[in-house]
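J.: Dropping the structure in here first, questions after.
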Amino acid sequence: MNHKYRSSQRGAVLLVSLIILLMVSVLGISAMRSSVFANKVATGVQADAMTFEAAETAIAVTYGSMQANNSLQTVFSPGYNTTTCITASGSSDGSCTNSSFLDARSLLQAEAYAYFGGYKAVTGSQISTSGGSSLFVDYKINILGQSTMPSYNIENHHQQEALKRGIKPGSEIE
């Protein structure tokens, strides 16, 4: 009778172990796919953060160079605009070329466009001179920072309004 019992158990262990092996394989493949997806998401978030920072850098550099011009006699006229390319070695006037990169790894391109947005009188700034009067104004300069990461086809755009104090057009200081 003992012999008969053994013969009815043949193959059951093999079937159970194949089912367990199949379940472990499915779990492993699922974990691997989840890991690859998480890696892609992390790379996308990092690339987006890098392009965001590059656009902000373009705005900051352009604003900094505008503030470095401390002359109060600066007069911006309607139609004023400028383009600045930001590279690892500094900034240059004009648009970026295909070989102009912000970083040493040649991943990011950044440039800024600044254009005149009007002006607003500064309260109490009327100065009388012998030839007439001068009025100080805050010029509104809109700065658009643009960055791209060509390898991932990601773009980022930011706009900021900056103020630069100067003399109203038609006013002169003697």
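The values are calculated or read from the model by the stated rules, or taken from the named source; none is laboratory data. Computed from a predicted structure; not experimentally measured. All Cβ positions, even for glycine, are placed from backbone atoms using ideal geometry, and neighbour counts span all protein chains on display.
J.: If I filter segment 3-13 for residues that are surrounded by 10 or more Cβ atoms within 10 Å (Cβ to Cβ), out of contact with any helix residue (DSSP H, G or I) (no Cβ under 9 Å at 6 or more places or on another chain), in a helix (DSSP H, G or I) and modelled with pLDDT under 95, do I get at least one hit?
T.: Let us first name the residues in segment 3-13 that are surrounded by 10 or more Cβ atoms within 10 Å (Cβ to Cβ), namely none.
No, every residue in segment 3-13 fails to be surrounded by 10 or more Cβ atoms within 10 Å (Cβ to Cβ), out of contact with any helix residue (DSSP H, G or I) (no Cβ under 9 Å at 6 or more places or on another chain), in a helix (DSSP H, G or I) and modelled with pLDDT under 95.
J.: Considering each residue of segment 125-148, count those that are farther than 28 Å from residue 85 by Cα, surrounded by fewer than 18 Cβ atoms within 10 Å (Cβ to Cβ) and modelled with pLDDT of 65 or more, and give that number.
T.: Number of matching residues: 1.
J.: Which residues, counting only those in segment 87-109, are outside any loop (DSSP other than H, G, I, E, B) and either touching a residue at least 60 places away in the same chain (Cβ under 8 Å) or closer than 14 Å to residue 149 by Cβ (or both)?
T.: Here is the first cut: in segment 87-109, the residues outside any loop (DSSP other than H, G, I, E, B) are 87, 90-93, 109.
The answer is 109, and nothing else.
J.: Step by step: first the residues of segment 149-170, then only those that are over 24 Å from the mean Cα position of the chain (by Cα), assigned to a loop (DSSP other than H, G, I, E, B) and not basic (Lys, Arg), then the one that is nearest to residue 80 (Cα to Cα). Which residue is that?
T.: 169
J.: Taking the residues in segment 42-69 that are of a type in the set (Val, Ile, Thr) and exposed (fewer than 15 other Cβ atoms within 10 Å of the Cβ) as candidates, determine which candidate is nearest to the chain's Cα centre (by Cα).
T.: Taking segment 42-69 first, the residues of a type in the set (Val, Ile, Thr) are 43, 45, 51, 57, 59, 61-62.
Pick out the ones that are also exposed (fewer than 15 other Cβ atoms within 10 Å of the Cβ) and you get 43, 45.
Values: 43: 15, 45: 12 Å.
Across segment 42-69, the extreme among qualifying residues is 45.
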